[in-house]
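The values are calculated or read from the model by the stated rules, or taken from the named source; none is laboratory data. None of these values were measured; they are calculated from a predicted model. Using ideal geometry, Cβ is built from the backbone for each residue, glycine included, and neighbour counts are taken over all protein chains shown.
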Amino acid sequence: MDEKKVMLSGIQPSGDLHLGNYLGAIKNWVERTDEFDNYYFMADLHTITVRQNPADLRRRTLEQLAQYIACGLDPEKNTLFIQSHVHQHAELGWVLNCYTMFGELSRMTQFKDKSAKHKENINGGLFTYPCLMAADILLYQPDFVPVGEDQKQHVELTRNVAQRFNGLYGDVFKIPEPYIPKAGARIMGLTTPDSKMSKSIPDGCVFLMEKPEDIQRKFKRAITDSDTENCVRYDPANKPGVANLMSIYSAVTGKTFEEIEAEFAGCGYGKFKPAVGDAVVETLRPIREEATRILADKAYLESVYKAGAEKASYVANKTLRKVYKKVGFVAR
Ligand code: TYM
């Protein structure tokens, strides 16, 4: 019997994958592949809480799968699947809606941010989104959920809902831990060092599939700081732009902040910014090349997501059956 601990996470294919997704989440998934039984998915059900262009959503979902594999997620060692292919997510999501409180959902930062951004479409799905995310997680009984800092609140809500459910019905769900990387947990926008890197501000966002010259240009234009010091020093409170670039450089090279300060002592930002750009370009180059190659092979991608959904459904169904029995539904 497989005694490995379980790791699970997902990303919404609502935009192209970016450096924040890679450093905050995917890199961490890849590094632990051999240690865990792994489930990673394209969270397409979540994306429709905001209006999507259907053709773009379909294309991006497959591109995301090709990029997961190109980043190093071997489909032989990781169950890779499309969320909407495993109907148990939506079913458990409904059940958990009934065990999550209005007040809890009202406190979610992502709901507050997104409802401020999409005032014309504050739909019920946007509000109850964390219940679906809790279902995504709890179906697989994972030990760890590797995410960036911004998703920690949702994983904590998942723990609370699971504990509430277990309190009523016995030990149905394993209580998962968020697993946040030391370097890269919160990458800020290159043009907005006070807000996280996100696709909604493309000038400050580096996409995994972007051309090297475009990546370099974005780093050269990155906002540093208005101090006159012009010195590479880690001081997030007073020098957030430089601290962000140092975090990126540290995450891609493995160097500590002290080592980075020593490397660029006396150099100024003019030399530092392109050096970070180069390090990112070299990290992303093999990923971009491999993803392009994989994406051309549609039959291979289909075989991966079909096998993934089959394995995921089998595991998810075990948990869902238990839940249905506990709450009192008649067995099929
Ligand atoms: P999403 O799609 O917004 O982001 C995917 C992952 O990337 C991380 N991330 C970042 N990390 C560091 N710096 C950034 N600037 C940055 N931007 C994004 C996120 O923390 C996340 O780990 N609700 C989730 C998707 C989801 C999920 C799940 C995750 C659905 N079901 C179950 C885990 C388990 C979301 O919207 O992430």
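Structure notes:
- Applying the criterion of being within 29 Å of Val327 (Cβ to Cβ) and aromatic (Phe, Trp, Tyr) to the residues of the stretch 146-196, the residue that is nearest to the chain's Cα centre (by Cα) is Phe173.
- Thr100 within 24 Å of Val304 (Cα to Cα), polar (S, T, N, Q), more than 13 Å from the ligand (Cβ to nearest atom) and not in a helix (DSSP H, G or I): no
- Residue under evaluation Thr79, criteria (1) surrounded by fewer than 18 Cβ atoms within 10 Å (Cβ to Cβ); (2) over 23 Å from Met197 (Cβ atoms); (3) not aliphatic (A, V, I, L, M), criterion not met: (1)
- Pairing residues of the stretch 3-27 that are within 10 Å of Gln67 (Cβ to Cβ) with residues that are part of a loop (DSSP other than H, G, I, E, B) and near the ligand (Cβ under 7 Å from one of its atoms), at Cβ distances under 7 Å and at least 6 apart in sequence or on separate chains, gives Ile11/Ala43.
- Any hit, the stretch 217-225, residues being assigned by TED's automatic domain parsing to the domain that holds Ala265, within 16 Å of the ligand (Cβ to nearest atom), more than 30 Å from Met101 (Cβ to Cβ) and touching a residue at least 60 places away in the same chain (Cβ under 8 Å): yes
- Scanning the stretch 228-273 for residues that are part of a helix (DSSP H, G or I), within 15 Å of Met188 (Cα to Cα) and of a type in the set (S, T, N, Q) gives Asn244, Ser247, Ser250.
- Here the stretch 58-74 is the region considered, the condition is being under 18 Å from Lys306 (Cα atoms) and without any contact (Cβ under 8 Å) to a residue 60 or more places away in the chain, and the residue that is surrounded by the most Cβ atoms within 10 Å (Cβ to Cβ) is Gln64.
- Selection of the stretch 129-172 for residues being buried (at least 19 other Cβ atoms within 10 Å of the Cβ) and more than 14 Å from the ligand (Cβ to nearest atom) yields only Phe165.
- The helices (runs of 4 or more DSSP H) found wholly in the stretch 1-95 and carrying at least 3 residues that are modelled with pLDDT of 95 or more, of a type outside the set (Lys, Arg) and within 14 Å of the ligand (Cβ to nearest atom) occupy 44-47, 54-70.
- Some residue of the stretch 273-295 being in contact with a strand residue (DSSP E or B) (Cβ under 6 Å, 6 or more places away or on another chain) and surrounded by 13 or more Cβ atoms within 10 Å (Cβ to Cβ): no
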